[in-house]
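Take a look at the structure set out below.
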Amino acid sequence: MLGAALLVTGCSSSDGGGGSDDRGDAGAGITQQPKDKAPFWVNPDGTAAREVAELEKSGKKQDAEQIRKIAEQPVAEWVGPDNPEGQTRGFTEAADKAGRTALLVLYNIPHRDCGQYSQGGAADGDAYRDWLDGVAAGIGDRPALVVLEPDALLHLVDGCTPEQFHEERYNLLKGAVTKLKSLKNTKVYLDAGNAGWQNPDQIFEPLNRAGIAQADGFSVNVSNFYSTEDSIAYGKQLSAKVGGKHFVIDTSRNGKGPYSDGKPDERWCNPPGRSLGETPTTKTADPLVDAYLWVKRPGESDGECKGGPKAGEWWADYALKLAKATG
């Protein structure tokens, strides 16, 4: 049984957002990053961008500039349960219009997070397939990079998800990979845990069963804090066991590495003293690493621990501390 400290658990916002027609500019003057460095879309009306605008409006210029460190970077859009077609169409149309790739996270697997802070997900397998159909219809032929179901495989391996749901989950994940890879310009990365697992022998066979052969690769360190160096080492070990697949790393909050104090099973949840990591880019330190991404949205809570709000909700004080701790 693996400790909860190794799990993602408190992931990110899954309430989605509207389509491009109802998304304006927050007024913070947010622009896209240079395409050759970070080809992913920066949402000019993201939560952090709205926070920047509010801080500037209230005269808190220094705090606004700190939060701008988050707002000006491409962060993932977590597709919510309602109107998936409208959400993904809005995100991908806006990204395509800007000449960028939409970065999406699908986090709606049935029995999600097995009753912990980010519990929820589709009611059953059929509901998930219907939801996924909407996601795919909304993406269409527009460019997208999808991180598929953080925690879903880990919770099969660590015993958190009851045995009776395992076979269905493998089928749903494999079906999701097939569906998404049928789209013209969509890349898919199955979530594969983090460096806290140390030995990838526990996860490589589940990845095979979930369709990694057809996917573009896997993701590591989603919503976690392990260093980029350790994440690369873990990813390369795992890659060697799944046909040399490439991977992406969530660097959103790993600037100071993992938290080592407090209760071991709560170290992953809103740890103090952390900082933003490497900004999103496709220019990485290893040819097997396709990108550093901000999959977890910096400033959103991991869950109701250490004074934080519900998982996925914006926590202004924590966001400011992350930004201030970053050089």
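The values are calculated or read from the model by the stated rules, or taken from the named source; none is laboratory data. As the structure is a prediction and not an experimental result, all values here were calculated from the model. Glycine also receives a Cβ, built like all others from the backbone with ideal geometry; neighbour counts cover every protein chain displayed. Areas reflect the complete protein model, heavy atoms only, side chains present, ligands, DNA and RNA absent. Shrake-Rupley method; radii C 1.70, N 1.55, O 1.52, S 1.80 Å.
Quick look at the values:
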item	result
Any pair with Cβ under 8 angstrom, 6 or more apart, that starts in region 252-269 at a residue that is without any contact (Cβ under 8 Å) to a residue 24 or more places away in the chain and ends at one that is surrounded by 18 or more Cβ atoms within 10 Å (Cβ to Cβ)	SER260/ARG267; ASP261/ARG267; GLY262/PRO271
Where ILE232 falls short, out of the listed (1) β-branched (Val, Ile, Thr); (2) buried (at least 24 other Cβ atoms within 10 Å of the Cβ); (3) over 25 Å from SER301 (Cβ atoms)	(2)
Of residues in region 184-227 being buried (at least 24 other Cβ atoms within 10 Å of the Cβ), in contact with a Lys or Arg (Cβ under 8 Å, 6 or more places away or on another chain) and of a type in the set (Phe, Trp, Tyr), the one farthest from PRO143 (Cα to Cα)	PHE225
Matching residues, region 29-45, being surrounded by fewer than 17 Cβ atoms within 10 Å (Cβ to Cβ) and small (Gly, Ala, Ser)	GLY29
Unmet criterion (only one of (1) closer than 22 Å to ILE70 by Cβ; (2) open to solvent by 10 Å² or more (accessible area, probe 1.4 Å); (3) acidic (Asp, Glu)) for ASP250	(2)
Selection within region 46-98 - polar (S, T, N, Q), open to solvent by 40 Å² or more (accessible area, probe 1.4 Å) and in a loop (DSSP other than H, G, I, E, B)	SER58, ASN83
Members of region 299-327 that are open to solvent by 50 Å² or more (accessible area, probe 1.4 Å) and either under 17 Å from GLN116 (Cα atoms) or at pLDDT below 95 (or both)	GLU304, LYS306, GLY307, LYS310, GLU313, GLY327
Test: residue in region 276-295 that is basic (Lys, Arg) and buried (at least 22 other Cβ atoms within 10 Å of the Cβ)	no
Considering residues of region 150-184 that are without any contact (Cβ under 8 Å) to a residue 60 or more places away in the chain and part of a loop (DSSP other than H, G, I, E, B) only, the residue nearest to ILE109 (Cα to Cα)	ALA152
Within region 141-169, tally of residues that are open to solvent by 20 Å² or more (accessible area, probe 1.4 Å) and in contact with a Pro (Cβ under 8 Å, 6 or more places away or on another chain)	3
Enumeration of residues in region 235-244 that are touching a residue at least 40 places away in the same chain (Cβ under 8 Å) and open to solvent by 10 Å² or more (accessible area, probe 1.4 Å)	LYS236, LYS241, GLY244
Residue within region 112-120 that is open to solvent by 40 Å² or more (accessible area, probe 1.4 Å) and farther than 25 Å from CYS305 by Cα present	no
